[in-house]
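Written out below as structure tokens is the structure these notes cover.
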Amino acid sequence: YNNSGLRFIHLPAECYITIYTVSGEIVDYFSHSSLIDGDHFWDLKNAHGRVISPGLYIYVVTEEETGLQFVGKFAVVR
């Protein structure tokens, strides 16, 4: 649990990332802003600071300036 995490790579300079459960509940929401580094590390904790459960999750990256979105999925296995 201490070294767990997920790294989002090749992100736009300014964007929002929203993580959902497969049933559509929001797990966490955060913004990324960096002109140098297109990576963002997420510690696999929900908005309340609790470690998320194993399972399938969906993420949406929304580019701030244009509103373009990328949707992806990932699985957490312990």
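Could you check segment 32-67 and list, in sequence order, the residues that are in contact (Cβ under 8 Å) with a residue 40 or more places away in the chain and closer than 23 Å to Val22 by Cβ? Give the steps one after another, and end with the answer.
Within segment 32-67, the first condition is being in contact (Cβ under 8 Å) with a residue 40 or more places away in the chain, and the residues that meet it are 44, 51, 59-65.
Scanning segment 32-67 gives Leu44, Val51, Tyr59, Val60, Val61, Thr62.
Just to be sure, is Val61 under 12 Å from the mean Cα position of the chain (by Cα), among the aliphatic types (A, V, I, L, M) and surrounded by 10 or more Cβ atoms within 10 Å (Cβ to Cβ)?
Details: under 12 Å from the mean Cα position of the chain (by Cα): yes; among the aliphatic types (A, V, I, L, M): yes; surrounded by 10 or more Cβ atoms within 10 Å (Cβ to Cβ): yes.
Against the criterion (under 12 Å from the mean Cα position of the chain (by Cα), among the aliphatic types (A, V, I, L, M) and surrounded by 10 or more Cβ atoms within 10 Å (Cβ to Cβ)), Val61 qualifies.
Only residues that are loosely packed, with under 10 Cβ neighbours inside 10 Å, assigned to a loop (DSSP other than H, G, I, E, B) and not hydroxyl-bearing (Ser, Thr, Tyr) were counted across segment 64-77, and they come to 3.
Looking only at segment 1-37, residues that are of a type in the set (Val, Ile, Thr), modelled with pLDDT of 95 or more and outside any strand (DSSP E or B) come to 1 in all.
The values are calculated or read from the model by the stated rules, or taken from the named source; none is laboratory data. Predicted model, so just to flag it, every value in this text is computed and none were measured. Using ideal geometry, Cβ is built from the backbone for each residue, glycine included, and neighbour counts are taken over all protein chains shown.
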